[in-house]
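J.: Could you have a look at this structure, given as structure tokens, before my questions?
The values are calculated or read from the model by the stated rules, or taken from the named source; none is laboratory data. Keep in mind the model is a prediction, meaning the values are calculated, not measured. In this analysis, Cβ positions are derived from the backbone assuming ideal geometry, glycine residues included, and neighbour counts consider all displayed protein chains.
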Amino acid sequence: MFDCVVVGSGFSGAVLAERIANARRKRVLMVEKRPHLGGNCADERHSTGILVHKYGPHIFHTDNKRAFDYVSRFTEWIPYQHKVLAYVDGNTIPLPFNLNSLEMLFPRDLARRIELKLLARFSYGTRVSVQDLLREDDEDLRMLANYVFEKIFKNYTLKQWDLPPDQLSGEVMARVPIVVGKDNRYFQDRYQGVPAEGYSAVFGRMLNNPRIHILLNTDARSILNFDLESGKTFVFGQEFRGLVFYTGALDDLFDRVYGPLQYRSLDLRFETLEVAHFQEVATVNYPNDYSFTRITEFKHIHPFETNRTVILKEYPKARETEADVPYYPVLSVQEVDKHRKYIELTKRFPNLVPLGRLAEFKYYDMDDAIERALTVFEEVLM
Ligand SMILES: Cc1cc2nc3c(=O)[nH]c(=O)nc-3n(C[C@H](O)[C@H](O)[C@H](O)COP(=O)(O)OP(=O)(O)OC[C@H]3O[C@@H](n4cnc5c(N)ncnc54)[C@H](O)[C@@H]3O)c2cc1C
């Protein structure tokens with residue numbers, strides 16, 4: 001009945017299904033356990049009329065022209081440059097921490113002195129990691145690095161990961177730079193925006209093809225079986241020799257034989273407020289206060305005329321049950337090692353291709369997931 005099976009309808013699975021059906025004209029069975037397409041990028045119209053992102057704010061930003069051009073085949077864009085503030089010691093300062101943040105938090109003379117030192121040491125616009133700045137000889141620069149680490153990074157990391165920063169990989173640390181400049185945008189990529197009619201509309205268009213058969217509300221494990229002893233794959237109880245692209249978590253697929261893989265989950269609480277606007281920009285981070293990490297107000301991302309507004313508070317938590325959505329892989333040495341063992345298991349099945357943020361246990365942004373899926377398609381099917 002089908003040439004390939006794709007598990008998961010986020011960008012990783014959707015790009016593959018779209019390419020297999022359109023470029024190779026083959027039949028795809030897409031299996032998605034949620035009641036909708038799009039994975040964590042899914043959005044929907046709230047009863048106020050405002051478009052909200054169901055699983056936290058998603059801003060498309062990339063320097064990768066191939067990924068941008070690919071998505072642009074399915075949507076027009078609303079140009080949008082993301083701005084994030086952090087609530088620190090009673091002030092809201094621009095994030096990533098930059099020269100404007102420095103001027104807002106430090107006494108004027110001290111801020112000026114540090115600014116001159118930063119500009120003498122790095123060219124304007126450089127993004128320096130906190131770790132690199134901590135290795136500088138200059139006492140003021142090390143003091144600044146310590147300040148940013150303590151006030152912006154440390155407690156946010158503890159809330160987000162429930163781990164002290166030194167137990168996380170450099171990949172996580174590197175996401176917190178200090179910017180030697182005054183550009184208050186959160187991303188500096190060449191292409192930035194959000195799909196004009198939202199992400200869910202993009203997925204609908206990508207997968208609208210009679211060669212793609214979609215099963216929603218279906219956990220792949222109910223129809224798909226990987227037999228570890230024989231190395232055979234079964235779909236609906238019959239041996240299946242076609243390719244299976246799997247974008248879910250690998251511990252789920254193999255009954256947690258090496259124990260559960262740690263992903264952080266989120267308790268997402270939406271609130272409707274009877275005010276036109278709640279905050280100045282789309283996202284405000286709360287590194288030190290409250291138990292949520294950030295508040296997003298969607299009107300800033302998708303402007304909509306109404307006297308009401310919708311905000312989202314994100315409360316990080318462990319993924320304890322299957323009902324907790326796995327959002328962020330915990331990139332500790334131990335978990336990365338455990339994931340490697342699961343990857344070894346997948347190699348017993350020559351037709352199984354794990355990919356995407358969950359299966360590869362990688363901190364992929366949307367453009368990374370798209371690029372990876374396009375590359376896998378070329379490698380495996382061209
Ligand atoms: C809170 C948050 C904010 C983010 N913000 C941004 C941003 O601003 N910009 C950006 O570029 N990226 C952002 N990302 C990253 C972005 O969400 C990912 O890059 C993208 O979702 C990766 O797509 P994916 O298909 O690999 O994974 P997912 O979107 O997680 O899709 C995997 C799909 O597989 C399904 N699935 C899993 N197991 C099974 C199973 N057993 N059976 C059937 N279906 C299954 C899941 O239900 C899900 O739909 C953010 C991520 C999070 C968590």
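J.: What number of residues within segment 5-26 satisfy the criterion of being crowded, with 24+ Cβ neighbours inside 10 Å and either of a type outside the set (A, V, I, L, M, F, W, C) or within 6 Å of the ligand (Cβ to nearest atom) (or both)?
T.: Looking only at that region, the number is 8.
J.: While we're on this one: Within the group ILE78, ILE114, which residue is in a helix (DSSP H, G or I) and of a type in the set (Val, Ile, Thr)?
T.: The match here is ILE114.
J.: Only one of these is assigned to a strand (DSSP E or B) and crowded, with 18+ Cβ neighbours inside 10 Å: TYR87, TYR70. Name it.
T.: TYR87
J.: In addition: Exactly one condition in (1) within 30 Å of GLN334 (Cβ to Cβ); (2) touching a helix residue (DSSP H, G or I) at 6+ places or on another chain (Cβ under 9 Å); (3) not assigned by TED's automatic domain parsing to the domain that holds ILE20 is false for PHE278; which is it?
T.: The single condition PHE278 does not satisfy is (1).
J.: Further question on the same structure: Give the number of residues within segment 117-139 that are in a helix (DSSP H, G or I) and at pLDDT 95 or above.
T.: Going through segment 117-139 one residue at a time, the tally reaches 6.
J.: Another question about this same structure. When both residues are 6+ apart or on different chains and their Cβ atoms are under 7 Å apart, which pairs have a first residue that lies in segment 229-256 and is assigned to a strand (DSSP E or B) and at pLDDT 95 or above, and a second that is more than 16 Å from the ligand (Cβ to nearest atom) and among the aliphatic types (A, V, I, L, M)?
T.: Going by the 7 Å Cβ cut-off, the qualifying pairs are LEU243/VAL380.
J.: Among all residue pairs at least 6 apart or on different chains, which show Cβ distances below 6 Å where the first residue, located in segment 56-71, is under 16 Å from LYS299 (Cα atoms) and in contact (Cβ under 8 Å) with a residue 12 or more places away in the chain and the second is assigned to a helix (DSSP H, G or I) and away from the ligand (no atom under 11 Å from the Cβ)?
T.: No pair meets every condition.
J.: Would you check which residues across segment 341-361 are within 13 Å of the ligand (Cβ to nearest atom) and either touching a Lys or Arg at 6+ places or on another chain (Cβ under 8 Å) or at pLDDT below 95 (or both) and list them?
T.: Matches in segment 341-361: LEU355, GLY356, GLU360.
J.: Can you tell me how many residues in segment 90-114 are out of contact with any strand residue (DSSP E or B) (no Cβ under 8 Å at 6 or more places or on another chain), surrounded by fewer than 17 Cβ atoms within 10 Å (Cβ to Cβ) and under 13 Å from LYS182 (Cα atoms)?
T.: 1
J.: Next question, about the same structure. Being aromatic (Phe, Trp, Tyr), within 19 Å of PRO96 (Cβ to Cβ) and crowded, with 16+ Cβ neighbours inside 10 Å is true for just one of TYR199, TYR147. Which residue is that?
T.: Result of the check over TYR199, TYR147: TYR147.
J.: Is it the case that LYS338 is away from the ligand (no atom under 13 Å from the Cβ), touching a Gly at 6+ places or on another chain (Cβ under 8 Å) and not in a loop (DSSP other than H, G, I, E, B)?
T.: For LYS338, the condition - away from the ligand (no atom under 13 Å from the Cβ), touching a Gly at 6+ places or on another chain (Cβ under 8 Å) and not in a loop (DSSP other than H, G, I, E, B) - is met.
J.: Something else about it: Within segment 304-335, how many residues are in a loop (DSSP other than H, G, I, E, B) and over 24 Å from PRO35 (Cβ atoms)?
T.: Residues that pass the stated criteria total 8.
J.: While we're here: Are any residues in segment 262-279 away from the ligand (no atom under 11 Å from the Cβ) and touching a strand residue (DSSP E or B) at 6+ places or on another chain (Cβ under 7 Å), and if so, which ones?
T.: If the condition is that a residue be away from the ligand (no atom under 11 Å from the Cβ) and touching a strand residue (DSSP E or B) at 6+ places or on another chain (Cβ under 7 Å), then ASP267, ARG269, PHE270, GLU271, THR272, LEU273, VAL275, ALA276, HIS277, PHE278, GLN279 are the ones that fit.
J.: May I ask you to say which residue of GLU44, GLU18 is of a type in the set (D, E, K, R), closer than 24 Å to GLU314 by Cβ and not in a loop (DSSP other than H, G, I, E, B)?
T.: Result: GLU44 is the single residue among GLU44, GLU18 that is of a type in the set (D, E, K, R), closer than 24 Å to GLU314 by Cβ and not in a loop (DSSP other than H, G, I, E, B).
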